[in-house]
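For reference, the structure discussed in these notes is given below.
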Ligand SMILES: *[C@@H]1O[C@H](CO)[C@@H](O)[C@H](O)[C@H]1NC(C)=O
């Protein structure tokens with residue numbers, strides 16, 4: 001979409017090309033960020049979803065750290081299609097309805113060391129279309145009197 005925008009830039013008038021540049025930067029920065037609180041020793045789910053009715057099945061990946069320019073950084077889970085998933089560890093699971101586009105990542109028995117940024121990338125066909133979600137996982141102690 002951005003590629004089309006750049007193409008149009010060369011044939012549009014000055015005023016319209018400025019609008020186009022704004023649209024373009026809006027598209028390029030189309031990622032979402034949020035915080036999730038995890039409790040030590042509990043499962044924690046980091047949300048990520050896409051519209052399967054509109055897109056059909058798409059490849060996606062989860063990694064530690066913000067979603068980079070391509071793929072995922074420090075990949076912990078990938079899926080080339082709904083049937084084939086590979087996970088770095090059995091602690092990382094997709095417990096949502098993946099076929100409905102719910103690719104939220106659940107970390108079982110979360111620990112302090114699990115805290116940090118996680119990136120979810122959904123590979124939407126076309127240039128610069130990938131859907132990126134960066135989530136900050138903040139770990140906290142449960143009830144101070146537990147144990
Ligand atoms: C975490 O999720 C797993 C898999 O669904 C489940 O078996 C387990 O009981 C859950 N643990 C907690 C503490 O909820």
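The values are calculated or read from the model by the stated rules, or taken from the named source; none is laboratory data. Since we're looking at a predicted model, the values are computed, not measured. So basically every Cβ, Gly included, is an ideal-geometry build from the backbone, and we count neighbours across all protein chains shown.
Numbers at a glance
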item: Subset of the stretch 86-133 [within 16 Å of the ligand (Cβ to nearest atom), part of a strand (DSSP E or B) and crowded, with 17+ Cβ neighbours inside 10 Å]; result: 92, 93, 94, 105, 107
item: Residue match in the stretch 64-72 (condition: touching a strand residue (DSSP E or B) at 6+ places or on another chain (Cβ under 7 Å), in a helix (DSSP H, G or I), closer than 30 Å to residue 142 by Cα and modelled with pLDDT of 95 or more); result: no
